[in-house]
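A.B. asks: To start, I am sharing the structure in question, which I have written as structure tokens.
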Number of protein chains: 2
Amino acid sequence: MKMLQTKSSLTIIFSLQLITGVPIIFDRGVDDYYWKLRADLLQSEESIAFGGDLHLDENEICANHILMCAKYKEIDEAFYNQREFLPRANFLTVQKKIEQSDVFKIIQKMPKGALLHAHDVATVSQEYVLWNVTYRPDLYVCDIEGKLKLQFFETPDKYCNWNLLSKLRVNASIENEINKRILNQMSMITDDPARAYSDGDKAWEKFQSLFEFLASFMRYKPVFEDYYYQLLKESYDDKIIYAELRTPLPTLYDLNGNKYKGLDVVTIIKDNVERFIEDHPGFHGVKLIYSKNRRVNKQQLNKYLKIYKQIKQAYPSFVAGFDLVGHEDKGPALKTFAEQLLPETQMQGFFHAGETDWYGLETDENLIDAVLLNAKRIGHGYALPKHPKLMEILKERDIAIELNPISNQVLNLVSDLRNHPASILFAENYPIVVSSDDPGLWGAKGLSYDFYEAFMGIMSRNSDLRALKKLALNSLLYSSISDDEMVKAFRIFEKQWQEFLSEMDEKFQP
Amino acid sequence: MKMLQTKSSLTIIFSLQLITGVPIIFDRGVDDYYWKLRADLLQSEESIAFGGDLHLDENEICANHILMCAKYKEIDEAFYNQREFLPRANFLTVQKKIEQSDVFKIIQKMPKGALLHAHDVATVSQEYVLWNVTYRPDLYVCDIEGKLKLQFFETPDKYCNWNLLSKLRVNASIENEINKRILNQMSMITDDPARAYSDGDKAWEKFQSLFEFLASFMRYKPVFEDYYYQLLKESYDDKIIYAELRTPLPTLYDLNGNKYKGLDVVTIIKDNVERFIEDHPGFHGVKLIYSKNRRVNKQQLNKYLKIYKQIKQAYPSFVAGFDLVGHEDKGPALKTFAEQLLPETQMQGFFHAGETDWYGLETDENLIDAVLLNAKRIGHGYALPKHPKLMEILKERDIAIELNPISNQVLNLVSDLRNHPASILFAENYPIVVSSDDPGLWGAKGLSYDFYEAFMGIMSRNSDLRALKKLALNSLLYSSISDDEMVKAFRIFEKQWQEFLSEMDEKFQP
């Protein structure tokens, strides 16, 4: 890439004018100078933007041409010819159209590194949950005031009018009807999201109800185990080689009346991750971020911190850190727990913070606490660009921001993704990783959809393969992978990357 | 205001950590230190934000208390108690509710300085146009394919089936029906803006049709003259003392078949401004920004530039500068005209630029050309925060940004005003002025509504009277008022400001 040699001349011109007060005078003779200054300015912004510090080799340049042809075509069709621009629309209404995009198809093939912000029980596709999980034996259904509840039993309890789901499904029209209701209760998908979720509160209400519905049958130990396997499989299929999963470590159950909590659940997850790695040696691994709902009191938090210490001690490298999750605007603010979290100097925080449109309110200030509590990464950080001092500190301390475009749109922080404030973070090359948050709840899968939205809707039209590659590189660099493991992870990534370039070379060339 | 003495200690802490790599260690003994750092960070951001450099005197502090009580109450009711937050909603649906807000009522009383970004024939309230202008004699109406056309005639032409409007209105139900249609054709107001203007193109289509409808009867010389007087009256009533109005200098007509163009129109405006000032000595004055629709070719632009030179020569202090207006995304880009505008070193540009959601496209790049063409102020600059280098230059060269919140919302750049990128400009104290663009077309009047939206929806909850005062001060400082005139303008403003403080003291104290 061309070096930016012109910054100084630009600076001189503008400083000169500032000092002398004399406007820059162009005359016909120096029109060329106008175009040079203009090109330099564009170039200087491109060079400091996300990915501007990467250099592409020859093969990458070819792949980039193909990628950018597709990107320009899609964007320019919308800008010049009024074709629908997908990142403008709510993801819930355009998911299928995104799948038709050439840019999306390229992104799907591209290795993406790590999945760093995803909540475990919201990460697998609905199809799997519906067609695999809910078709297992021993699953009972009960209708409470128009809402279904599903749970596995050997013998159902007396608290509800339970029916064996498989029996009901013998009738095809009932099966159809029940499946529709199940899908509706585990998904944000709706024809008219603007009406259904007219504000953030309504979106969050529905969103939280999905977790409640899923909890009772996903906590069945055999399901939970296979679910984790499937989660890694869907990630792996989307060219992800490593994941840091936020988990509340739910209490699991089996048909024999056993309960599994805390450390037991970590062991169960770890065993299944290892089972997956055995089957897929190209997958690097998983770490957990123990994440509990923030709507707790100090006593409850102390209990969680105790559990955290216990699991961290048992599996120091498998457990990466701690987080508080849930609808941040509804509090409590992070500062409420500062004095409890402060002494935990050995505990790595990955705090959700600033997932809000409010400016100057408690949720917004959570960003300050996340930084003061030594967060390694910040979950969402949607409100960050409103905080110039925090932005400075973030850059100095190299704290990564976990950006989840589709989540922010579905949960109604922003409607047109071109208004997502992360555009500014990309313009200034902040340490960003893109993630998917809860893809299973809105019909996404892996990271490709969120990469697409970020690349097409939030970054500049000019952002190219360097920016996509940087997203992947960042996801490994800002992960909790140890230095030793990192070498191995990058070796896997580099191999995948070369395969991707070959595939681009083969499939897309004329 | 407390000075920021703590920046250095913060810097030391964070730099130390950066250098040593040792995380900041807190223990129980230094919890206080956490709260001090936290307060310092908040304070340091407040001090660099818009208005943070102003100091309030005792009377202002009292007024500020009243203002901030109202602001906190309104915001906190929305944040904590799920009450409707007005800047979230489309202005077209909440205008009446805004009028009930105590914050709005205080802003209405506050002197606002100058109106710097408004298009003349879109600036007067609809009530005046409907009940005054369209009830004048000699106004004829004609229905072309369901669209009304209004024009003044002595004897109507043969190109349409003209009817004297006053005759039709003798029938009350016809009057009612026609008035509804007239209002609809001169206003963006609709019950469901999200449906009616589902994207920017649809909003702009309607928007442009309003100008076409207004043009044929507003260009009647007696109406145009009174309209200007009314424009200044409504501004003055909203505590505005000076205006820089964008005008295309439309060709005026009278009943005798005379046409008035270019310089004649400037003279007509100037005469009516003087008539207004005679009646209202507290009003400082007006300057014009000659503004033509950007959808022209180079020859047409040359014609405009010739007219510009002619009117500037005739009225050097009344004519402030030049602009190209209209739907920026539809082009042509500003760069198309760079070589024509470049040699006009004596011409002050006030270019619309970056009024777009698109990032990296031509409209976005207009920002670069506006700066290179030595714009004194930038109209909208909505896309600015995505351009870190341009932002630097803007600050160095002290180029003001004309922010028009309601316009940006109604024309569908942003739906929830909390997502307006100007939050970032406010956070870093960029030279911003708030203006109203085309208030008459969406039921606003003067600057109060836009000040309200900026203060409540775009600035931080913590932004206070200093920020509002700074908006007013900026509007004078970044105007084209000469140094000599400036002293007089500030004298008028200062007097109004003291009256405002007295009124706050009297009316709002218990």
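A.B. asks: Of all residues in segment B:115-150 being among the small types (Gly, Ala, Ser) and crowded, with 16+ Cβ neighbours inside 10 Å, which is nearest to residue B:244 (Cα to Cα)?
C.D. replies: By that ranking, first place goes to B:118.
A.B. asks: A follow-up question, please. From the list A:475, A:460, pick out the single residue that is more than 12 Å from chain B (Cβ to nearest Cβ) and farther than 26 Å from residue A:361 by Cβ.
C.D. replies: After ruling out the rest, the residue left standing is A:475.
A.B. asks: Sticking with this structure for a sec: Looking at segment A:164-200 only, could you name the residues that are part of a helix (DSSP H, G or I), loosely packed, with under 14 Cβ neighbours inside 10 Å and within 14 Å of chain B (Cβ to nearest Cβ)?
C.D. replies: The one that is part of a helix (DSSP H, G or I), loosely packed, with under 14 Cβ neighbours inside 10 Å and within 14 Å of chain B (Cβ to nearest Cβ): A:195.
A.B. asks: Quick one: residue B:96 ticks every box in (1) closer than 30 Å to residue B:187 by Cα; (2) outside any helix (DSSP H, G or I) except a single one, so which number is it?
C.D. replies: (2)
A.B. asks: Identify, please: which residue in segment A:38-89 is under 17 Å from residue B:388 (Cβ atoms) and of a type in the set (S, T, N, Q) and is, among those, nearest to the chain's Cα centre (by Cα)?
C.D. replies: Going through the qualifying residues, I end up with A:47.
A.B. asks: Would segment B:390-398 turn up any residue that is surrounded by fewer than 24 Cβ atoms within 10 Å (Cβ to Cβ) and part of a loop (DSSP other than H, G, I, E, B)?
C.D. replies: Yes: one or more hits.
A.B. asks: Right, something else. If residue B:488 passes every condition in (1) part of a helix (DSSP H, G or I); (2) within 14 Å of chain A (Cβ to nearest Cβ); (3) surrounded by fewer than 22 Cβ atoms within 10 Å (Cβ to Cβ) but one, which one does it miss?
C.D. replies: Evaluating residue B:488 over (1) part of a helix (DSSP H, G or I); (2) within 14 Å of chain A (Cβ to nearest Cβ); (3) surrounded by fewer than 22 Cβ atoms within 10 Å (Cβ to Cβ) leaves (2) as the failure.
A.B. asks: Can you name the condition, by its number, that residue A:23 falls short on among (1) at pLDDT below 95; (2) under 24 Å from residue B:388 (Cα atoms); (3) assigned to a helix (DSSP H, G or I); (4) not charged (D, E, K, R)?
C.D. replies: (3)
A.B. asks: Suppose we filter segment B:400-423 for residues that are touching an Asp or Glu at 6+ places or on another chain (Cβ under 7 Å), of a type in the set (S, T, N, Q), within 13 Å of chain A (Cβ to nearest Cβ) and in a helix (DSSP H, G or I); how many remain?
C.D. replies: So the answer is 1.
A.B. asks: Let me ask you something else. Taking segment B:79-108 on its own, how many of its residues are over 20 Å from residue B:405 (Cα atoms) and surrounded by 15 or more Cβ atoms within 10 Å (Cβ to Cβ)?
C.D. replies: 1
A.B. asks: All but one of (1) in contact (Cβ under 8 Å) with a residue 60 or more places away in the chain; (2) under 18 Å from the mean Cα position of the chain (by Cα) hold for residue B:423; state the number of the condition that does not hold.
C.D. replies: Among (1) in contact (Cβ under 8 Å) with a residue 60 or more places away in the chain; (2) under 18 Å from the mean Cα position of the chain (by Cα), the lone unmet condition for residue B:423 is (1).
A.B. asks: For residue B:244, indicate whether it is in contact (Cβ under 8 Å) with a residue 12 or more places away in the chain, of a type in the set (D, E, K, R) and closer than 30 Å to residue B:490 by Cα.
C.D. replies: Taking the combined requirement at face value, the residue satisfies it.
A.B. asks: Which of (1) more than 18 Å from residue A:263 (Cβ to Cβ); (2) more than 14 Å from chain B (Cβ to nearest Cβ); (3) surrounded by fewer than 21 Cβ atoms within 10 Å (Cβ to Cβ) does residue A:339 not meet, given it meets every other one?
C.D. replies: The single condition residue A:339 does not satisfy is (2).
A.B. asks: Could you identify the single residue in B:473, B:447 that is surrounded by fewer than 23 Cβ atoms within 10 Å (Cβ to Cβ) and either under 30 Å from residue A:382 (Cβ atoms) or outside the structural domain of residue B:193 (by TED's automatic domain parsing) (or both)?
C.D. replies: Testing whether each residue is surrounded by fewer than 23 Cβ atoms within 10 Å (Cβ to Cβ) and either under 30 Å from residue A:382 (Cβ atoms) or outside the structural domain of residue B:193 (by TED's automatic domain parsing) (or both) leaves just B:473.
A.B. asks: Which one of A:419, A:404, A:412 is polar (S, T, N, Q), within 26 Å of residue B:88 (Cβ to Cβ) and touching a strand residue (DSSP E or B) at 6+ places or on another chain (Cβ under 6 Å)?
C.D. replies: A:404
A.B. asks: In a loop (DSSP other than H, G, I, E, B) and in contact with a strand residue (DSSP E or B) (Cβ under 6 Å, 6 or more places away or on another chain): is that true of residue A:475 in this structure?
C.D. replies: Spelling it out, it is not the case that residue A:475 is in a loop (DSSP other than H, G, I, E, B) and in contact with a strand residue (DSSP E or B) (Cβ under 6 Å, 6 or more places away or on another chain).
A.B. asks: When you check residue B:252 against the structure, is it more than 15 Å from residue B:122 (Cα to Cα), surrounded by fewer than 20 Cβ atoms within 10 Å (Cβ to Cβ) and more than 14 Å from every other protein chain (Cβ to nearest Cβ), yes or no?
C.D. replies: No; evaluated as a whole, the condition is false for this residue.
A.B. asks: Within segment B:113-148, work out how many residues are within 22 Å of residue B:269 (Cβ to Cβ) and in a loop (DSSP other than H, G, I, E, B).
C.D. replies: Matching residues across segment B:113-148 total 5.
A.B. asks: Next question, about the same structure. Any residue at all in segment B:282-303 that's of a type in the set (Val, Ile, Thr) and closer than 19 Å to residue B:115 by Cα?
C.D. replies: Checked against the condition, which is being of a type in the set (Val, Ile, Thr) and closer than 19 Å to residue B:115 by Cα, segment B:282-303 yields at least one hit.
The values are calculated or read from the model by the stated rules, or taken from the named source; none is laboratory data. Computed from a prediction, not measured in an experiment: that's the story for all the values here. Don't worry about glycine lacking a Cβ; one is built from the backbone with ideal geometry, like all the others, and counts go over all protein chains shown.
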